[in-house]
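See below for the structure under consideration.
The values are calculated or read from the model by the stated rules, or taken from the named source; none is laboratory data. Because the structure is a prediction, the values reported are computed rather than measured. Quick reminder, even Gly has a Cβ in these numbers, built from the backbone with ideal geometry, and neighbours come from all protein chains shown.
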Amino acid sequence: MRAFVTGGTGYIGSKLIEALVNANYEVTALKRKGSNTNKVYKNSAIKYCDYNGSLENLLVGLQGMEINIVFHLASKAIGPHNTSDISELIQSNILLGTQLLEAMHLCGINNMVAASTVWQCVGGEKYNPWVLYAATKQAFEDIAVFYAKEYHMNISCLRLADSYGPNDWRPKILNQVKNSLKTGNIIEMSPGEQELDLVYIDDVVRAFMHAYSRLENEDFGFNTYTVTSGIGIRLRDLVNKLSEVNQVSVQANWGARPYRKNEIMNYTKLSNILPGWEPKVDINTGLKAFLSDYNFKG
């Protein structure tokens, strides 16, 4: 089996590549020239294709490869944007995906599982984007609907809740807490009343693998599914639980920072969960594993 992965140098993508290789897939990973692959799982079954921004470049990477499945995870993922972010948001979240779908059509590749975000449907609404990033992910989904209908492709978009896990280098709040434990510095936090929806990295990877198995057997055309924990947890309670299960002491200055603009305060239980998938790692186990790459003494 052969898989083509975009976003493979990111945290989720690198973990997905590891799972694919362990499942005996041959993997081709798309990356920008000069991208750092030091954190990506190392194996001779992984090949790289440098992306220069052109459709022709993607055709070179896909033609003749007999790809069974494309996992499209590459994106520019941010909260509230700055004006300088617009070009990269459009290029990464809309243009690249559209070029990829066209290249798949021209190469006779029919199966894709893509990463979307729960931020597209804030409050449980069908479409209510929190930030411009979420709107660009919705725009790609709309384009994917066309390709699925016009060229009989099978495309599943997974609307992901927030993810976490060990050895994560993304600038997420849990990783900032971990860094404060490592340095011993006090971390300045918002008041901490916002509720988070967190899915452990192993469960996220399983969702991608399971979504592809559905494409092979029962999901045809275009589909969207949610990948969520099903439980909201206040940021304050999350940090307290992290301290409790790992027997560490987080030094937090609560209320030192304001909430982000339009902060999502309340967790909303979302529908349309990926059929046949559910999270297996509970929050206590996940938070214990989250700090497994450091030996802290509280």
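When you go through (1) surrounded by fewer than 19 Cβ atoms within 10 Å (Cβ to Cβ); (2) under 23 Å from I264 (Cβ atoms) one by one for T117, which number turns out not to apply? Evaluating T117 over (1) surrounded by fewer than 19 Cβ atoms within 10 Å (Cβ to Cβ); (2) under 23 Å from I264 (Cβ atoms) leaves (1) as the failure.
Per the conditions (1) within 25 Å of S292 (Cα to Cα); (2) touching a residue at least 12 places away in the same chain (Cβ under 8 Å), the sole criterion not satisfied by N175 is (2). In the set (1) crowded, with 19+ Cβ neighbours inside 10 Å; (2) of a type outside the set (S, T, Y); (3) at pLDDT below 95; (4) not in a strand (DSSP E or B), the condition left unmet by A74 is number (3). Just one of (1) within 22 Å of the chain's Cα centre (by Cα); (2) outside any strand (DSSP E or B) fails for E56. It is (1). Residues that are more than 19 Å from the chain's Cα centre (by Cα) and touching a residue at least 60 places away in the same chain (Cβ under 8 Å) were ranked within region 2-52; the one that is farthest from I69 (Cα to Cα) is A23.
From the list Y48, Y41, which residue is under 12 Å from G8 (Cβ atoms) and either outside any loop (DSSP other than H, G, I, E, B) or modelled with pLDDT of 95 or more (or both)?
On the way: Y41 fails: either outside any loop (DSSP other than H, G, I, E, B) or modelled with pLDDT of 95 or more (or both).
Step by step, each of Y48, Y41 is checked, and only Y48 is under 12 Å from G8 (Cβ atoms) and either outside any loop (DSSP other than H, G, I, E, B) or modelled with pLDDT of 95 or more (or both).
Against the condition assigned by TED's automatic domain parsing to the domain that holds P258, basic (K, R) and in a helix (DSSP H, G or I), how does K137 come out, does it pass? No. When region 121-145 is limited to residues that are farther than 14 Å from L89 by Cα and buried (at least 23 other Cβ atoms within 10 Å of the Cβ), the one that is modelled with the highest pLDDT turns out to be A144. Criterion applied to P275, P258 was being over 30 Å from M153 (Cβ atoms) and either buried (at least 19 other Cβ atoms within 10 Å of the Cβ) or of a type outside the set (F, W, Y) (or both), and the one residue passing it is P258.
Annotation: of all residues in region 3-60 being surrounded by fewer than 17 Cβ atoms within 10 Å (Cβ to Cβ) and among the charged types (D, E, K, R), the one that is nearest to L101 (Cα to Cα) is E56.
On the given criteria, is R236 under 15 Å from L174 (Cβ atoms) and over 21 Å from the mean Cα position of the chain (by Cα)?
Numbers: under 15 Å from L174 (Cβ atoms): yes; over 21 Å from the mean Cα position of the chain (by Cα): yes.
Answer is yes for this residue.
Total residues in region 147-197 satisfying the condition of being at pLDDT 95 or above, over 19 Å from T117 (Cβ atoms) and among the small types (G, A, S): the figure is 3.
When region 205-253 is filtered for residues that are under 18 Å from N68 (Cα atoms) and free of Cβ contacts under 8 Å to residues at least 24 places away in the same chain, the ones remaining, listed by number, are S213, N217, E218.
For K31, the test of being of a type in the set (K, R), assigned by TED's automatic domain parsing to the domain that holds M153 and either assigned to a strand (DSSP E or B) or under 17 Å from C107 (Cα atoms) (or both) is passed.
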